[in-house]
Amino acid sequence: MHDRELSRALLELGRPRVAVLGDFMLDRYLWGDATRVSPEAPVPVVLSQREEDRLGGAGNVAANLCDLGAYGMAFGVLGRDQAGEDLQRLLIQAGVESRGLLAVDSRPTSRKVRVMARSQQMLRVDQEASLPLTEEDSQRLLAQLSDSSWDVLVISDYGKGVLSPQVLEGAIAEARKRGAPSLVDPKHRDFRRYRGATLITPNRAEAEAAAGQSMDSFAAVAEIGERLRHEAELDALLITLGAEGMCLIRPGQPMLEVPTAARSVFDVTGAGDTVIATMALALGGGADWPVAVGLANAAAGLAVARVGTATVGRSELLHHLASATPDHKVVDDSAGPALEHALAALRREGLRLVFTNGCFDILHAGHVRYLQEARSLGDALLVGINDDASVRRLKGEERPFNSLADRMDVLAALECVDLVVAFPEDTPENLIHRVRPDVLVKGADWRDKGVVGADFVKAQGGEVRLVEIYPGRSTTGLAQRIRDRG
């Protein structure tokens, strides 16, 4: 299915009420830098610079739903602890109705702490007790679910004990009684636990574990997947295959193969949450199966290009579908207000706009990681690039090595870049005034130099963020190594 068709279908979706039942978790990120090894043990020392809390597990599903335009509702349990209070606060900020969450004394709130250095995960520490719910708490949870009004049920199973056979059976039966789709992101190997659900969405490894055999071809996926679907009495089975895309299996229908929409993979954390949230939005909004899978595949492609658990918004997905080709990203600012038109389209979609700039002469890994992290700070990334005359004034007569047109084409081919525009001045000050970004990003090496445009952006209510530079990578250094080797 073409991106234009998906875009039209997405525009026509309404705002279904989606109940998310499952394991709600708090994800805490400790961001820092690792430049040395500990003298106490052969492990890196991470100098912590900031902390960030995000919704994890079923919470990330609910947040994705709200960003996609659905009405998200949370049903699960929390401990009576600070992590539970923090999780409740994040749900409210994300627009999720959280009255269906029960506070219990028998278990703490699940929390995952990730230590990150230069956007790479160094360590994860889990703080949780995967205990089954008591009979009383199970009945209370099912009562909350049955007393609420919703159109779609998502069951987000992370194996933490909330989704006992009793809770699963009761929840799926309630959805069937209402005629509401029920979608499950499974954790257990026995898919018969989810008997009667509309759809389950395992990845390849989970499906292979459930089947007890390898799926080394699309033919095997079709044959084994149909057996799993039949045994669990499901309406459909969606298997995500990473770089090979997704496969939808339905009774009496040929398997639907959807190639991957991800052109860059930075972090797969939470991608399954985005898939099932998008499927729930689409099916709850009346879309057919091919449209739902196409939209979920496109949203997953955006999710894996980010660091950590993240959400994908409906407006962002629309923008992505509308600008999927690199040519669409290059703004020719020489013939009229093309930039203003492009910016107006982004503003109409309510996207959080990130701006950064540079020469980007010989693109290397440092550039790519920098741009990926910049993109993760908002919904759309606009890159300002110095024209050839400006680069010569800044870098010397032998530069640039690559022409402006070539440099813009290379940047536009990156998944994390949404728009590229050239500027002729030595600094991007004038361009920043035209763009009025929500976030202005520069490398951390500018910390003591003064970031051009920072005062203007802050005065407009925006923020300035400094991103750590990937060490040992630079165009100047790369060019010198080429010269040294003759």
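Couple of notes before you dig in:
- Residues of segment 159-207 classified as touching a His at 6+ places or on another chain (Cβ under 9 Å) and under 18 Å from G100 (Cα atoms), total: 1
- Residue in segment 205-224 that is in the same structural domain as G285 (by TED's automatic domain parsing), without any contact (Cβ under 8 Å) to a residue 60 or more places away in the chain, buried (at least 19 other Cβ atoms within 10 Å of the Cβ) and of a type in the set (D, E, K, R) present: yes
- Looking across L153, L145, L163, one residue alone is over 27 Å from the mean Cα position of the chain (by Cα) and either surrounded by 15 or more Cβ atoms within 10 Å (Cβ to Cβ) or free of Cβ contacts under 8 Å to residues at least 12 places away in the same chain (or both). It is L145.
- Selection count where residues are of a type outside the set (S, T, N, Q) and in a strand (DSSP E or B), scope segment 120-132: 5
- If only residues of segment 120-137 that are under 25 Å from A277 (Cβ atoms) and either β-branched (V, I, T) or surrounded by 17 or more Cβ atoms within 10 Å (Cβ to Cβ) (or both) are counted, the one that is nearest to the chain's Cα centre (by Cα) is E128.
- Of all the criteria given as (1) surrounded by 17 or more Cβ atoms within 10 Å (Cβ to Cβ); (2) out of contact with any strand residue (DSSP E or B) (no Cβ under 8 Å at 6 or more places or on another chain); (3) under 25 Å from V330 (Cα atoms), the one not satisfied by Y470 is (3).
- Only one of the numbered conditions (1) among the basic types (K, R); (2) modelled with pLDDT of 95 or more; (3) closer than 15 Å to C416 by Cα is not met by R250, and that is (3).
- Tally, over segment 174-195, of residues that are under 25 Å from A211 (Cα atoms) and surrounded by fewer than 20 Cβ atoms within 10 Å (Cβ to Cβ): 6
- Those helices (runs of 4 or more DSSP H) of segment 337-414 in which at least 3 residues are in contact (Cβ under 8 Å) with a residue 40 or more places away in the chain, considering only elements entirely within it, cover 338-348, 365-375, 404-412.
- Residue count for segment 39-66 satisfying the condition of being surrounded by 23 or more Cβ atoms within 10 Å (Cβ to Cβ) and either at pLDDT below 90 or of a type in the set (F, W, Y) (or both): 0.
- Boolean, R111 is basic (K, R) and outside the structural domain of V154 (by TED's automatic domain parsing): yes
- Residue among V383, V391 that is of a type in the set (V, I, T) and closer than 30 Å to E316 by Cβ: V383
- Number of positions in segment 292-317 that are in contact with a Ser or Thr (Cβ under 6 Å, 6 or more places away or on another chain), over 15 Å from T260 (Cα atoms) and at pLDDT 80 or above: 1
- Number of residues in segment 386-410 that are surrounded by fewer than 23 Cβ atoms within 10 Å (Cβ to Cβ), hydrophobic (A, V, I, L, M, F, W, C) and out of contact with any Asp or Glu (no Cβ under 8 Å at 6 or more places or on another chain) equals 3.
- Here segment 418-463 is the region considered, the condition is being of a type in the set (V, I, T) and assigned to a helix (DSSP H, G or I), and the residue that is farthest from P337 (Cα to Cα) is V457.
- Number of the exception - V162 against (1) modelled with pLDDT of 95 or more; (2) in contact with a Leu (Cβ under 7 Å, 6 or more places away or on another chain); (3) not in a helix (DSSP H, G or I); (4) not small (G, A, S): (1)
- Among the residues of segment 142-153, none qualifies, meaning not one is in a helix (DSSP H, G or I), among the charged types (D, E, K, R) and either at pLDDT 95 or above or closer than 16 Å to G22 by Cβ (or both).
- Selection from segment 36-57 of residues that are of a type in the set (S, T, N, Q) and more than 15 Å from S119 (Cβ to Cβ): S38
- Inspection of segment 18-28 finds no residue satisfying the criterion of being crowded, with 23+ Cβ neighbours inside 10 Å, farther than 23 Å from A103 by Cα and of a type in the set (A, V, I, L, M, F, W, C).
The values are calculated or read from the model by the stated rules, or taken from the named source; none is laboratory data. These figures come from a predicted structure and were not determined experimentally. FYI the Cβ positions are ideal-geometry reconstructions off the backbone, even for glycines, and counts take in every protein chain you see.
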